[in-house]
Amino acid sequence: MIENYFSDELWRAVAPVLPGKAGDPGCSGRDNRLFLEAVFWILRTGSGWRNLPPHFGKWYTAYTRYHRWDRKGVWPRVVAALSHDGKCDFHYDEYGLRFAPCDEIGLRERARADADARESAALGQSIGF
């Protein structure tokens, strides 16, 4: 059995920012919740799109829709909506949508700051000679 990511509370937070809702122009998404579950399953497991379990639908359809949403700028809005309560396991940056638990992001930022501080200290010492 594959575990679902979206509780009803998370779904209520993210649903308003998704394209393809009733009332939006154009065609509506068949099942945005299932699609998001598929994308987040791919990100959490690190699997390739071709390994998407069949109950999520056709892998190529999900892959294509993912990239269309990326071009439309949907993913930053999704992450922002999910992060509203401060707890989001996903991160969007220049590399795209990634699985990165909040604790892991905080650890990475602290490690980066420590590395910058060490580099500055090393440069400061070498300049003084």
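The values are calculated or read from the model by the stated rules, or taken from the named source; none is laboratory data. Note that the coordinates shown come from a computational prediction; the quantities given were computed from them, not determined experimentally. Don't worry about glycine lacking a Cβ; one is built from the backbone with ideal geometry, like all the others, and counts go over all protein chains shown.
With respect to being modelled with pLDDT under 90, under 12 Å from the mean Cα position of the chain (by Cα) and surrounded by 12 or more Cβ atoms within 10 Å (Cβ to Cβ), V79 fits the description.
Here's the yes/no breakdown for (1) under 16 Å from G96 (Cα atoms); (2) part of a helix (DSSP H, G or I); (3) at pLDDT 95 or above:
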position: F35; (1), (2), (3): no, yes, no
position: W41; (1), (2), (3): yes, yes, no
position: R44; (1), (2), (3): yes, yes, no
position: R50; (1), (2), (3): no, yes, yes
position: T61; (1), (2), (3): no, yes, no
position: W69; (1), (2), (3): yes, yes, no
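Taken over the range 59-74, residues that are within 14 Å of the chain's Cα centre (by Cα) and closer than 13 Å to P19 by Cβ amount to 5. V74 fulfils the conditions (1) modelled with pLDDT of 85 or more; (2) loosely packed, with under 14 Cβ neighbours inside 10 Å except for a single criterion, (2).
Return yes or no: is V14 surrounded by 14 or more Cβ atoms within 10 Å (Cβ to Cβ), modelled with pLDDT under 90 and of a type in the set (V, I, T)? Spelling it out, V14 is indeed surrounded by 14 or more Cβ atoms within 10 Å (Cβ to Cβ), modelled with pLDDT under 90 and of a type in the set (V, I, T).
When the range 58-90 is filtered for residues that are farther than 17 Å from S7 by Cα and free of Cβ contacts under 8 Å to residues at least 24 places away in the same chain, the ones remaining, listed by number, are K58, W59, Y60, T61, Y63, T64, H67, R68, R71, G73, W75, P76.
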